[in-house]
Amino acid sequence: MNGTLFLLLVVGVFVGPFVGFLPTIVGRNKKNCRAILALNFFLGWTFVGWVIALVWACIEDSPEDAKRARPLNVGSLMWTLILINIAVAALIFWSMDQETKVAAEVEHRQAEEQKAEAKMQEQRDRDAENRRAALQAAEDRRQATAEFETLPKWDEYGKPINRNPPGESALSDSSSSTVGGITYPPGVGTPEKRREYLQALTELRKQRGAPAVGRRLGN
């Protein structure tokens, strides 16, 4: 608890009754002391009522009224008010302590919720990253399969499948040609260039784990 607030509460408990009921203390021996007490009790919390009660308490009684006056036991009244103020202060302390506990509990709950939300967001990000990686891997496999399908097909002996009959003439270098069941791109029209092309394809297949190609190449 704030030290200043605690000091104010202590001063209010022990000094407040004496300041608030100062008109009653001053007029405790007056004839109308009980009327002053009633005014002080019910309207003393307003500054005007407190001033009126104090002025009334300061008015001198006549000798006859002074003889008939029955003084108040102000000590008992002050102790009663002090005990009431102590009870009120204890209630205030308890209420403030409960509010502090509730605020701490709410703050703790909010922190736990934020941690849970952060973990859930982290899990969602991880799942999204895994999905993106899986999609990318599937796309890479599809592209690799498509590229692999464009390569010439070979049997287990390293011979091209669906080999054309011998004597097929090669096309010019300006267009694609098909020799021995293999389609060569433009510019690969001579046997030397076809041999170099097939060697390059064989190396590519070895790198990708495809069956090795035999030494026997197309015409």
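Say whether the condition of being assigned by TED's automatic domain parsing to the domain that holds VAL13, in contact (Cβ under 8 Å) with a residue 24 or more places away in the chain, assigned to a helix (DSSP H, G or I) and loosely packed, with under 12 Cβ neighbours inside 10 Å is met by at least one residue in segment 72-91.
no
Report yes if LEU135 is assigned by TED's automatic domain parsing to the domain that holds GLY12, part of a helix (DSSP H, G or I) and either at negative phi or surrounded by 10 or more Cβ atoms within 10 Å (Cβ to Cβ) (or both), otherwise no. Quick ask: steps written out before the conclusion?
Numbers: assigned by TED's automatic domain parsing to the domain that holds GLY12: no; part of a helix (DSSP H, G or I): yes; either at negative phi or surrounded by 10 or more Cβ atoms within 10 Å (Cβ to Cβ) (or both): yes.
Spelling it out, it is not the case that LEU135 is assigned by TED's automatic domain parsing to the domain that holds GLY12, part of a helix (DSSP H, G or I) and either at negative phi or surrounded by 10 or more Cβ atoms within 10 Å (Cβ to Cβ) (or both).
With over 52 Å from the mean Cα position of the chain (by Cα) and modelled with pLDDT under 85 as the only criterion, which of VAL74, VAL26 stands out?
Numbers: VAL26 fails: modelled with pLDDT under 85.
Matching residue, one of VAL74, VAL26: VAL74.
Taking only segment 37-61 into account, find how many residues are in a helix (DSSP H, G or I) and surrounded by fewer than 16 Cβ atoms within 10 Å (Cβ to Cβ). Working first, answer last.
In the first step, residues of segment 37-61 are kept if they are in a helix (DSSP H, G or I); the result is 37-43, 47-58.
After this cut, where a residue has to be surrounded by fewer than 16 Cβ atoms within 10 Å (Cβ to Cβ) as well, the list is 38, 42-43, 47-48, 51, 55, 58.
Final tally of qualifying residues: 8.
The values are calculated or read from the model by the stated rules, or taken from the named source; none is laboratory data. Just so it is clear, the model here is predicted, and its values are computed rather than measured. As a convention, Cβ positions derive from the backbone with ideal geometry for all residues, glycine included, and neighbour counts pool all protein chains shown.
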